[in-house]
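Some notes on the structure that comes next.
What follows is calculated from the coordinates using simple rules that are stated; it is not laboratory data. Just so we're clear, the structure is a prediction, and the values are computed from it rather than from any experiment. With ideal geometry, Cβ positions are generated from the backbone for all residues, glycine too; neighbour counts draw on all protein chains shown.
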Amino acid sequence: MALPEVVGLRLLLSPVTSNLLLRTACCSIGLALPVYSTFKAIENNDPYEQQRCLLYWAAYGSFSAAEMFAEKLFSWIPLYHHMKFAFLVWLQLPTLDGARQMYSSHLQPFLLKHQARMDLIVEFVYGAMSKIISAYKPELELARTLAVKFLMTATQMIRNFIHPVGRELNDIEPQKRQVQDSESEEE
């Protein structure tokens, strides 16, 4: 085996780096790549790709919901993140069409069987959310205003940190010389 392959294999199978590396990979493969693929499908107005993305998000959402409830159990399974990564790749690859297979064999039959009950639940949840939003509209508007102000302030602070306003290289040089001069006087 070549050195890069050995290093990669050790990183992937090392208990310390493996979880961090695979969690990052799962997030990239499970979210970032599909978000961009969905954007492209929408912008290109491609019905086939749009349906493929919808099938992926239905499968991914179902998997995420199951994972959320069984997270403590899954964390004890050896190489769980390796299996999750492989599952996410299987869901996405067009050649394997895993999302379509999962939808056709599991999600669609389940949702068709429970569609009437699910419609009632969704209607109830939307109604409850509408009532809450109506009842707390002023508070929600205040929270929104505060969040926007906070984000604008944070963005400006980051921008000023990255690109200081009004500080040129010449302004910094005299300060550096003063420090050097005071150090030489002390000696």
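Couple of notes before you dig in:
- Tail beyond 22 Å, pair distance distribution of the stretch 27-111 (Cα, percent): 28 percent
- Net length gained if the chain between ALA128 and ILE42 were fully extended (0.36 nm per residue, minus Cα distance): 27.9 nm
- A Förster radius of 41 Å combined with the Cβ-Cβ distance from ALA154 to ALA70 puts the calculated FRET efficiency at roughly 0.70.
- Within the straight-line cut-off of under 16 Å between alpha carbons, the lysines reachable from LYS72 are LYS84, sequence neighbours fewer than 8 places apart in one chain being disregarded.
- Within straight-line cross-link reach of LYS149, lysines at Cα separation under 29 Å, skipping those fewer than 8 residues along the same chain: LYS131, LYS137
- Extension gain (nm, one decimal) between GLN50 and SER28, 0.36 nm per residue minus Cα-Cα: 5.9 nm
- Working from label points 7 Å from Cα in the Cα-to-Cβ sense, the ILE162 to GLU141 distance is 3.4 nm.
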